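Q: Handing you this structure, nothing more for now.
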Amino acid sequence: MWILINIIQILLIIVWTVVCVLSIVLMPLRWQYWACNNIWSPGLLIIIGARLEVKGRENLDKSCQYIIVGNHTSWGDILVLFIATRQMLRFIAKAELAKLPFIGYMMKRMGMVFVERGNARKSAHSVKATLDKIKDGAKMVGFPEGTRSQTGKIGEFKKGLIMIAVKSGIDIVPVGLQNVYNVWPRNNYAFRSGKVKAIIGEPISTLGYNETNVSELVEKVKQNVASLSGQ
């Protein structure tokens, strides 16, 4: 029974995404984000049977610069963050996503930053692109674990994303995502309906940190995200 339901869900996801992408790319940038936050992402959560609860949205000040950092367990994390923040977010994503049909094209049009892992020169270019977007006022989102968790448990945080915040002198906003892994598992499309949560924490200042003590900030951010995600 579940196999049939999941097949139908996958087909609906594909159709919904194609229709939305074809519509969204024709819009001005601000309207593209409005559509992602209010149409595409909520529609996909409905298809997979997820109910979203958001707490701490008051910690996001639209007039302030920051980098949003969260735990990463599922493709559904991106949908949840779009809806939870209701802002124009630029995700820092692995380069492979740029090659995905429809989604990759939409991400490029919306100004996402792609990171080529294992290539020092291209990675340095990605860091520069991220810093430039921050200077232009963009709000960036990244997952310091670097990949989706295999078990749903939070993994080690890499310092690259945290170092970008330090160099930019902006705050880090931790976000804990709960139960997204169970609703949309990492390694398959066995969707299961359920309630997911996005808990937005208070901003963490990067003042006083540099390359010599950034590891302390990395651990502080990780502990905040772990606590917010219920781990």
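The values are calculated or read from the model by the stated rules, or taken from the named source; none is laboratory data. In this text, all values refer to a predicted model and were calculated from it rather than measured experimentally. Don't worry about glycine lacking a Cβ; one is built from the backbone with ideal geometry, like all the others, and counts go over all protein chains shown.
Q: Please verify whether the stretch 190-203 includes one or more residues that are within 18 Å of residue 144 (Cα to Cα) and modelled with pLDDT under 90.
A: Within the stretch 190-203, none of the residues are within 18 Å of residue 144 (Cα to Cα) and modelled with pLDDT under 90.
Q: Considering (1) surrounded by fewer than 22 Cβ atoms within 10 Å (Cβ to Cβ); (2) assigned to a helix (DSSP H, G or I); (3) touching a strand residue (DSSP E or B) at 6+ places or on another chain (Cβ under 8 Å); (4) modelled with pLDDT under 80, say which one residue 83 fails and leave the rest.
A: So residue 83 meets the others, but not (4).
Q: Can you name every residue in the stretch 167-217 that is of a type in the set (Lys, Arg) and under 18 Å from residue 143 (Cα atoms)? Spell out the reasoning first.
A: Restricting attention to the stretch 167-217, the residues satisfying the condition of being of a type in the set (Lys, Arg) are 167, 186, 192, 195, 197.
Answer for the stretch 167-217, where residues must be of a type in the set (Lys, Arg) and under 18 Å from residue 143 (Cα atoms): 167, 186, 197.
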